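Shown next, in structure tokens, is the structure this report addresses.
The values are calculated or read from the model by the stated rules, or taken from the named source; none is laboratory data. Values in this document were obtained by computation on a predicted structure and should not be read as measured data. Cβ: placed from backbone, ideal geometry, glycine included. Neighbour counts: every protein chain shown. Accessible surface is based on the protein model in full, side chains and every heavy atom, while ligands, DNA and RNA are left aside. Shrake-Rupley method; radii C 1.70, N 1.55, O 1.52, S 1.80 Å.
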Amino acid sequence: AVVSTQSGHYAGEFSLIDSSGNTVGAGTQGLLISNGGTVCDDSFTVNSANAICRKMGYFGYTSWTSGSKWGIQSNRDIHLDDVACENGYWSSCKFSTSHNCGHGEDVFLQCEDVGR
């Protein structure tokens, strides 16, 4: 994982997975994973969703939700919380790597196709 020292922003790896743990792409809602763990919905907004989709190389987000939907969630630690972004770009985001969450607050995200 690459960690940026600029403004103390975390530049971790994000991905979206399905209920079997397989990576999904644009147009499919998946469980948001950050460096192997889930992301809590505290402070998460449309800006957070857009910023993370763009960081993964997508045009932006289509939808996001949260909850305890799949059994695989409990097998993972919660790695990010309080992802608050001033706009739809990751450079505007602040976050915490400690959390006060349960898996009922895990973020599910759907991103738009690249360049659409």
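What does the extension gain come out to for SER98 and SER74, with contour length at 0.36 nm per residue minus their alpha carbon separation?
Working: separation 24, 0.36 × 24 = 8.64 nm, distance 1.68 nm.
Answer, rounded to one decimal: 7.0 nm.
In whole Hz and in residue order, list the ³J(HN,Hα) couplings for the range 33-41 that follow from phi through the Karplus curve 6.51 cos²θ - 1.76 cosθ + 1.60, θ = phi - 60°; x for Gly and Pro.
10, 10, 6, x, x, 8, 10, 7, 7
Within the accessible area of the chain, what % is carbon and sulfur when the probe is 1.4 Å and the other protein chains stay in place?
44
If each residue of separation counts as 0.36 nm, what is the full-extension length gain between ASN35 and SER91 once their alpha-carbon separation is subtracted? Kindly include the intermediate steps, with their values, before the conclusion.
Numbers: separation 56, 0.36 × 56 = 20.16 nm, distance 1.79 nm.
Net length gain for the segment: 18.4 nm.
Could you state how much accessible area GLU13 has, in square angstrom rounded to the nearest 10, with a 1.4 Å probe and all protein chains kept in place?
GLU13 has an accessible surface of roughly 110 Å² with all protein chains in place.
Suppose all protein chains stay in the model; what accessible area per residue would a 1.4 Å probe give for the chain, in Å²? It would help to have the intermediate numbers written out before the result.
Numbers: 5650 Å² over 116 residues.
Here the residues of the chain average 49 Å² of exposed surface.
If I model a spin label at THR28 and GLU13 as a point 7 Å from the Cα along the Cα→Cβ vector, what separation in nanometres do I get?
Output for this residue pair reads 1.8 nm.
What size of dipole, in debye to the nearest 20, comes out for the range 71-116 about its Cα centre when the only charges are +1 on Lys and Arg C-beta atoms and -1 on Asp and Glu C-beta atoms? Display every interim value, and only then the final one.
Values: 3 positive and 8 negative charges, 16 e Å.
For the range 71-116, the charge dipole is close to 80 debye.
Would you mind working out the magnitude of the charge dipole of the chain relative to its Cα centre, with +1 at each Lys and Arg C-beta and -1 at each Asp and Glu C-beta, to the nearest 20 Debye? Don't skip to the answer; put the middle values down first.
On the way: 6 positive and 12 negative charges, 48 e Å.
Magnitude of the dipole: close to 240 debye.
Hey, could you grab the Kirkwood Rh for the chain? Inverse mean 1/r over distinct alpha carbon pairs, Å, one decimal.
Details: mean 1/r = 0.0724 Å⁻¹.
Radius from the Kirkwood sum: 13.8 Å.
For every other residue with a beta carbon closer than 15 angstrom to the beta carbon of GLN29, add +1 if it is Lys or Arg and -1 if Asp or Glu, then tell me the sum. Don't jump to the answer; show the numbers that get you there.
On the way: positive: LYS69; negative: ASP18, ASP41, ASP106, GLU112, ASP113.
Net of charged neighbours comes to -4.
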